[in-house]
Amino acid sequence: MCASGDSLANLCGQSRERGAPWAPAPRGRALSGATRQHARMKVLFVCLGNICRSPTAEGVVRAIAAREFPGLMLDVDSAGTADYHVGEPPDRRAIAAARRRGYDLSGLRARQVTVADFSSFDYVLAMDRANLGELERVNARGRAHVGLFMSFTPGLEDEVPDPYYGGDADFDRVLDLCEAGARALLGSLVGRLGRK
Ligand code: 4NP
């Protein structure tokens, strides 16, 4: 019903007005045949505002991939389920915490998830269950595997907690989780591509 490129806000707004139950999108799907044919992988990280957690994941994964997984052809991006901060740079506390560990987030700008993202990315990875729920509510039938970023690191927390109303320690915790999640995700991608 919704044209490709419609925002989540529009789609979710319609859903809430009608009070219509939306079927959850399939989760934990294996990579599609189309995905397996392409060595380049595309990963989108999703949080609420796209100014704290998902841009941190984007910057950390991009840097660790370049440094530790140079053979992996990877495109990373991030987006928010909400449109509150579209066009803004990451939160200054996120930029500062990342900078202390050598990651530069300053050039990133927030955007909102679109329906097209579910087709153009191989993985759409939410930072917490609430945002995963928002993604599932849209039920866009794309090729992407939609799940939790932290599902790649069993044994750690399964969500990256929202640091927006927290302090420096909360932003450092986001970085700890993103670094662990990045290495687990990248190792998994390399393993999958190697098994093709
Ligand atoms: P994020 O954090 O989802 O990790 O970017 C937040 C950013 C902004 C808001 C909440 C969480 N906010 O309410 O504006």
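Do any trypsin sites (Lys or Arg not before Pro) in segment 95-148 lie in a DSSP loop with no more than 16 other beta carbon atoms within 10 Å, and if so, which?
Here the trypsin sites (Lys or Arg not before Pro) that fit, given the DSSP loop and packing criteria, are Arg101, Arg109, Arg141, Arg143.
Based on the Cβ-Cβ distance from Arg141 to Asp172, what FRET efficiency comes out when R0 is 45 Å, to the nearest 0.05?
Step by step, r from the Cβ atoms, then E = 0.75.
Provide the per-residue ³J(HN,Hα) series for segment 139-153, in order, calculated from phi with Karplus coefficients 6.51, -1.76, 1.60 and θ = phi - 60°, each as a whole number of Hz, with x at glycine and proline positions.
6, 6, 8, x, 8, 5, 7, 10, x, 8, 3, 6, 5, 7, 10
Read-outs throughout are calculated quantities, based only on the coordinates presented, and are distinct from any laboratory measurement. Everything numeric in this text was worked out from a predicted model, so none of it was measured. Backbone-built Cβ (ideal geometry, glycine too); neighbour counts: all protein chains shown.
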